[in-house]
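The structure appears right after this line, and notes come after that.
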Amino acid sequence: MHGHLKTEVLTEANCVRKTKAGDKVNVHYRGTLESDGSEFDASYNRGQPLSFAVGTGQVIKGWDQGLLDMCPGEKRKLTIQPEWAYGSRGAGPIPANSVLSKCYWDTRRIH
């Protein structure tokens, strides 16, 4: 466990090549606040995954680091401290200094 990020594998998957920085991925997620369990965002509600290049700074650092070395189909729970999330500024429904929890990821690499 890194000080700013706790990663738990919920569903394991095997693959020849795991995600590396720069890989384009499609991920489904559900994000909640650790403080009260309230959901702040979920790709499932929109019916389509989020697509981005992992490890390149396009998303918060906790997601950038938490999705490396992952196989397609693997599911993880990430618990992200504010320093690797939205810090003291917060974002939309996420209050300042919030710990993000129960972020479940199901990745599909698309290169």
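Of all the residues in the range 7-38, those that are surrounded by 14 or more Cβ atoms within 10 Å (Cβ to Cβ) and either more than 16 Å from the chain's Cα centre (by Cα) or among the β-branched types (Val, Ile, Thr) (or both) number 6.
Restricting attention to the range 41-60, the residues that are under 22 Å from GLY90 (Cβ atoms), touching a residue at least 12 places away in the same chain (Cβ under 8 Å) and surrounded by fewer than 16 Cβ atoms within 10 Å (Cβ to Cβ) total 1.
For the range 74-94, what are the residues that are surrounded by 14 or more Cβ atoms within 10 Å (Cβ to Cβ) and in a loop (DSSP other than H, G, I, E, B)? Talk me through it step by step, then tell me what you get.
Here is the first cut: in the range 74-94, the ones surrounded by 14 or more Cβ atoms within 10 Å (Cβ to Cβ) are 74-87, 90-91, 94.
Result: GLU74, GLN81, ALA85, TYR86, GLY87, GLY90.
We did not get these values from a lab; they are worked out from the coordinates using the rules stated. These figures come from a predicted structure and were not determined experimentally. Don't worry about glycine lacking a Cβ; one is built from the backbone with ideal geometry, like all the others, and counts go over all protein chains shown.
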